[in-house]
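One structure is given below, encoded as structure tokens.
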Amino acid sequence: MNAADRKAPSDFIRDIVREDLKANKNDGRVVTRFPPEPNGYLHIGHAKSICINFGIALENKAGVCHLRFDDTNPSKESTEYTESIKSDIRWLGFNWGRHLYYASDYFDKLYQYAVELIKDGKAYVCSLTTDEIREYRGTLTEPGKDSPYRTRSVEENLDLFERMRKGEFEGGSHVLRAKIDMASPNLNMRDPVLYRIRHESHHRTGDKWCIYPMYDFAHCLSDSIEGITHSICTLEFE
């Protein structure tokens, strides 16, 4: 069989990409990403994600795949892991070229996004303990209940959040939470934590920050900042 006779790979993900291209969505661009957290070495599941994301990008003329390290937890991440991950991706035969990014590149911007949420009344500083937050969240069959700190004023929340950034509070004393719906059938939507205090040095930003965005907050916003057109997520952490 010669090259002309070979059919292009086909699966539901690629079918979606092809339909988007036919409809000229995203101006005909295909931008995927492989976004590992640098807190360990890669395994076979990562290899699958690498091949899908880089493979789909390579199959399209205007395709690009970003390598972005979701480095939002300084207590578990290190340069050793970032270098190991880069090496393994190259070993699999892929290269990100000039498209290497880190969530930590966006810490200033993410902080400003959080401030805007507070100003809009969509986020608040909560002083419940971790166990109390879990208790207040409810269960799959029972709705949660509002934190007693949910009604703090915008001014108080802005002041507390700024003081969190300045390092005035111990880890675990406060978090920033999204103000969504404590009765949502989706437990993840019951006022999820957006920022927490971590007095630990970051492998790239050093001691500049002592508050760090949660993965769920930083991940989707990083996709938006980078102009990712097809955010392909695996299900093992559902």
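At a glance:
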{"quantity": "The lone exception for HIS43 - which of (1) touching a residue at least 12 places away in the same chain (Cβ under 8 Å); (2) closer than 19 Å to ILE232 by Cβ; (3) out of contact with any Ser or Thr (no Cβ under 7 Å at 6 or more places or on another chain) it fails", "calculated": "(1)"}
{"quantity": "Residues being in contact with a helix residue (DSSP H, G or I) (Cβ under 9 Å, 6 or more places away or on another chain), among the aliphatic types (A, V, I, L, M) and assigned to a loop (DSSP other than H, G, I, E, B) - total across the stretch 164-191", "calculated": "2"}
{"quantity": "Residue in the stretch 145-159 that is assigned to a helix (DSSP H, G or I), of a type outside the set (A, V, I, L, M), buried (at least 18 other Cβ atoms within 10 Å of the Cβ) and touching a helix residue (DSSP H, G or I) at 6+ places or on another chain (Cβ under 6 Å) present", "calculated": "yes"}
{"quantity": "The stretch 97-113 residues that are over 15 Å from GLU37 (Cα atoms), paired with ones that are among the β-branched types (Val, Ile, Thr) and in a strand (DSSP E or B) (beta carbon under 9 Å, 6 or more apart)", "calculated": "GLY97/VAL64; HIS99/VAL31; HIS99/VAL64; TYR111/ILE211"}
{"quantity": "Inter-residue pairs, beta-carbon under 8 Å, first in contact (Cβ under 8 Å) with a residue 40 or more places away in the chain and in the same structural domain as TYR195 (by TED's automatic domain parsing) and in the stretch 152-165, second assigned to a helix (DSSP H, G or I) and among the hydrophobic types (A, V, I, L, M, F, W, C), 6+ apart", "calculated": "LEU158/VAL115; LEU158/ILE118; PHE161/ALA114; PHE161/VAL115; PHE161/ILE118"}
{"quantity": "Of all residues in the stretch 21-46 being of a type in the set (A, V, I, L, M) and surrounded by fewer than 20 Cβ atoms within 10 Å (Cβ to Cβ), the one that is nearest to the chain's Cα centre (by Cα)", "calculated": "LEU42"}
{"quantity": "Answer residue from the stretch 47-85, given it is outside any loop (DSSP other than H, G, I, E, B) and within 16 Å of the chain's Cα centre (by Cα) and is surrounded by the fewest Cβ atoms within 10 Å (Cβ to Cβ) among those", "calculated": "SER49"}
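The values are calculated or read from the model by the stated rules, or taken from the named source; none is laboratory data. Bear in mind the structure is a predicted one, so any value in this text is a computation, not a measurement. Here Cβ is always computed from backbone atoms with ideal geometry, including for glycine, and neighbour counts include all displayed protein chains.
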